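Working notes, beginning with the structure itself.
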Amino acid sequence: MKYKFLLLIPFLTICHIASAQKWQPGYFYDTKGNKVTGLIQSNPSGKGPIKTEGFIVYKDSEKANEVKLSASDIRYYVAGKDSFVVAHAPQNETWSRHEIDFVRVELDEPLKLYVYGGGSKGSGGFKIRPDVGFGIGGGSFGGYGGGGVGISLGNGGGGSSRTVYYFGATPAEMNQVTPQNFVDVMSDIMADEPLALEAIQTGKYRLEKMPQLINYYRQLKAHNKPNN
C-alpha cells in the first residue's frame, strides 16, 4: 500500500502540471486597442465562434466564466512567454482549417520570424498544391529568392507535425522561409550577431535545423546584453 501511494504522488503531480499548463497567465489587445489581462488557452479544442477563424479561450480569473474569442476579435495576445498575432495566409498559400489564424512571434526583430503549425490544434497537414510550380524570385517574396510556391496548410483535422516559418516586418507582409531563401532571410534577421551570421552563411544551419539556430541566436543575444 505504501508503494502504491508513493507511485500515485508523481502521477498526481504530472496531472496537476498538465492541468496548470492548459491555462496560462497573459493578456490580449482587442480591436479597439484595450488591454485585457487574465488566463488564456492558446490551443483550445472544440469549435470556435466563427468557423473560418482560429480562436482562444479567456477568463479573467481562475473561477471566472470562460469566453471564446475569435481571431477577428483581437489584435494579438500573450500567453506565458509566447506572443501571438492575428494573420491571414500569405499570397499563394491557404490555411484550409482557418482563413484567419494566429502565428507565434518567434523572433521579435525589425524583420520578424513567425511560426505557424507544429502541432497546434487546427493546423492540420502540410501539402504542396499541384497546380502551382516552383519558381525563383517571384514578387511575393520581395527581395528574397524562392517565390512561386503554392502551399496549403491544414487538412481539416488533427494536429500538424510540420512547423512552417514566415518572415516579415508585420503579419501583413509575411512570406514563407524556404530552403531557397533561408540564408538571405535569416542573415537579415540575425545580422546583429556576427557568430550567428557566420554559422548561417557557412551552412552550419539550414531550414531543417531552425530550432537549433534560434536557440543559438538567443544564447548569443543573452550573452551579449550590455549588462553582461
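The values are calculated or read from the model by the stated rules, or taken from the named source; none is laboratory data. In this text the structure is predicted, and so the values were computed from the model without any measurement. Note that each Cβ is placed from the backbone with ideal geometry, even for glycine, and that neighbours are counted across all protein chains shown.
Key figures for this structure:
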quantity	calculated
Those residues of the stretch 190-213 which are among the β-branched types (Val, Ile, Thr) and surrounded by 22 or more Cβ atoms within 10 Å (Cβ to Cβ), in sequence order	ILE200
Residues being in a strand (DSSP E or B) and among the basic types (Lys, Arg) - total across the stretch 60-86	2
Residue check, ILE151 of a type in the set (Val, Ile, Thr) and either at positive phi or modelled with pLDDT under 85 (or both)	yes
Those residues of the stretch 103-120 which are surrounded by fewer than 17 Cβ atoms within 10 Å (Cβ to Cβ) and modelled with pLDDT under 90, in sequence order	GLY118, GLY119
In the stretch 34-45, residue surrounded by the fewest Cβ atoms within 10 Å (Cβ to Cβ) [restricted to those that are in a loop (DSSP other than H, G, I, E, B) and under 20 Å from the mean Cα position of the chain (by Cα)]	SER45
Conditions (1) at pLDDT 90 or above; (2) touching a strand residue (DSSP E or B) at 6+ places or on another chain (Cβ under 6 Å); (3) not hydroxyl-bearing (Ser, Thr, Tyr); number of the one not met by ARG129	(1)
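Conditions tested, residue by residue: (1) free of Cβ contacts under 8 Å to residues at least 60 places away in the same chain; (2) outside the structural domain of LEU39 (by TED's automatic domain parsing).
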site: GLU66; (1), (2): yes, no
site: ARG75; (1), (2): yes, no
site: PRO90; (1), (2): no, yes
site: TRP95; (1), (2): yes, yes
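Residue by residue, here is whether (1) part of a loop (DSSP other than H, G, I, E, B); (2) in contact with a helix residue (DSSP H, G or I) (Cβ under 7 Å, 6 or more places away or on another chain); (3) at pLDDT 90 or above holds:
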position: LYS32; (1), (2), (3): yes, no, yes
position: LYS51; (1), (2), (3): yes, no, yes
position: TYR58; (1), (2), (3): no, no, yes
position: ASP101; (1), (2), (3): no, yes, yes
